Amino acid sequence: DSTSFAVRVAPLGGMGLVLVLAEDQTERQRVEAVRRDFVANISHELKTPVGALSLLAETISEASDDPEAVRRFTARMSQEADRLTKVIQDLITLSRIQGAEPMTDPVAVDLAATVEEALDAVRLSAEAKDIELASGDFTGLIVYGDEGLLVTAVRNLVANAVAYSPERTRVSISAEVTERTIDISIADQGIGIPHQDLERIFERFYRVDAARSRATGGTGLGLAIVKHIMTHHHGEVTVWSKEGAGSTFTLRLPRPTTQEPGRSTNDTDR
Ligand code: ADP
């Protein structure tokens, strides 16, 4: 990778200046390439459902005397419309959150309610696959931040855990309070993520298996959104995974300082 070699030598010498310029150029080219890829990906993700919609509309108009065919094609149309809505929603969330200013007015967020809301959003799809949703005790756990965004982060991870797991498995969500952080882990017994893909899955539109992601209704933006939400909260997201065995994603958030209660009940050190 030509952008990673160190060229911060001899800044005053002619050669040094050339090298520094060369580095800036490669970095600019890299940023530009990432931007071009992103725009190409957006076009593709939007054009595909729109293309399907117009094809389906055309087919329906030709099959208008066959009610069964009309019913099937309109069902497909509403699926494609849902998919389009999802991509657009995710793009809006991402563009709001990435590069956003650090939060100025964080509020106390009750993690028990956050987790409950995230789990509610995936309950139906879990039931359809007979996947057990097991939740640890989040009672009294508080972090400071934006409640809606935190629900989105947890929901995206739980939705992935369900989507990438076979039937009759378990998805568990648990909390761990450390000295400085509150960690929320979402563990599944699903397909896992190949080692070589692990560091790229947080990139926008990166998917290990694009066909599988689309089949489960994925947009390829879920983890990028999670990453930016964590950055916005001065937190981080990490992943452990083993192919064929499962994955665990952990959201690590700063623990409120003693002025701000971390656990509003059972807090023995005050
Ligand atoms: P998608 O909409 O495709 O799920 P994400 O950004 O949420 O997009 O995830 C990126 C990719 O990471 C997915 O396409 C999938 O390949 C992989 N992935 C995410 N979560 C899991 C998981 N819990 N188990 C296995 N693979 C996962």
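Assorted remarks:
- Qualifying residue in segment 25-36 (condition: modelled with pLDDT under 80 and farther than 22 Å from ALA224 by Cα): yes
- Filtering segment 191-202 to residues that are under 24 Å from GLN89 (Cβ atoms) and either within 8 Å of the ligand (Cβ to nearest atom) or buried (at least 16 other Cβ atoms within 10 Å of the Cβ) (or both) leaves ILE201, PHE202.
- Only one of the listed residues (MET103, MET77) is surrounded by 12 or more Cβ atoms within 10 Å (Cβ to Cβ), at pLDDT below 90 and out of contact with any Pro (no Cβ under 7 Å at 6 or more places or on another chain). That residue is MET103.
- Leading residue by the ranking (farthest from the ligand (Cβ to nearest atom)) among those in segment 149-185 that are out of contact with any helix residue (DSSP H, G or I) (no Cβ under 7 Å at 6 or more places or on another chain) and assigned to a helix (DSSP H, G or I): ALA163
- In segment 206-223, residue nearest to ARG35 (Cα to Cα) [restricted to those that are surrounded by 17 or more Cβ atoms within 10 Å (Cβ to Cβ) and among the β-branched types (Val, Ile, Thr)]: THR219
- Selection within segment 99-117 - closer than 14 Å to GLY136 by Cα and small (Gly, Ala, Ser): ALA112, ALA113
- Scan of segment 122-148 for residues that are more than 14 Å from the ligand (Cβ to nearest atom) and in a helix (DSSP H, G or I), ordered by number: ARG123, LEU124, GLU127, ALA128, GLU147, GLY148
- Scanning segment 224-245 for residues that are near the ligand (Cβ under 10 Å from one of its atoms) and either in a helix (DSSP H, G or I) or crowded, with 19+ Cβ neighbours inside 10 Å (or both) yields ALA224, ILE225, VAL226, LYS227, SER241.
- Unmet criterion (only one of (1) assigned to a helix (DSSP H, G or I); (2) under 21 Å from the mean Cα position of the chain (by Cα)) for THR59: (2)
- Residue selected from segment 203-223 under the condition near the ligand (Cβ under 6 Å from one of its atoms) and in a helix (DSSP H, G or I), by the criterion nearest to VAL87 (Cα to Cα): GLY222
- So ALA121, is it closer than 30 Å to LYS47 by Cα and surrounded by 15 or more Cβ atoms within 10 Å (Cβ to Cβ): yes
- Unmet criterion (only one of (1) under 30 Å from ARG76 (Cβ atoms); (2) in contact (Cβ under 8 Å) with a residue 24 or more places away in the chain; (3) of a type in the set (Lys, Arg)) for ARG207: (2)
- Residue that is at positive phi and not charged (D, E, K, R), where the choices are GLY99, GLY148: GLY99
- For segment 72-117, a residue qualifies if it is assigned to a loop (DSSP other than H, G, I, E, B) and of a type in the set (Val, Ile, Thr), and exactly one does: THR104.
- Test: ARG8 is touching a helix residue (DSSP H, G or I) at 6+ places or on another chain (Cβ under 8 Å) and either modelled with pLDDT of 90 or more or surrounded by 15 or more Cβ atoms within 10 Å (Cβ to Cβ) (or both): no
The values are calculated or read from the model by the stated rules, or taken from the named source; none is laboratory data. Just so it is clear, the model here is predicted, and its values are computed rather than measured. In this analysis, Cβ positions are derived from the backbone assuming ideal geometry, glycine residues included, and neighbour counts consider all displayed protein chains.
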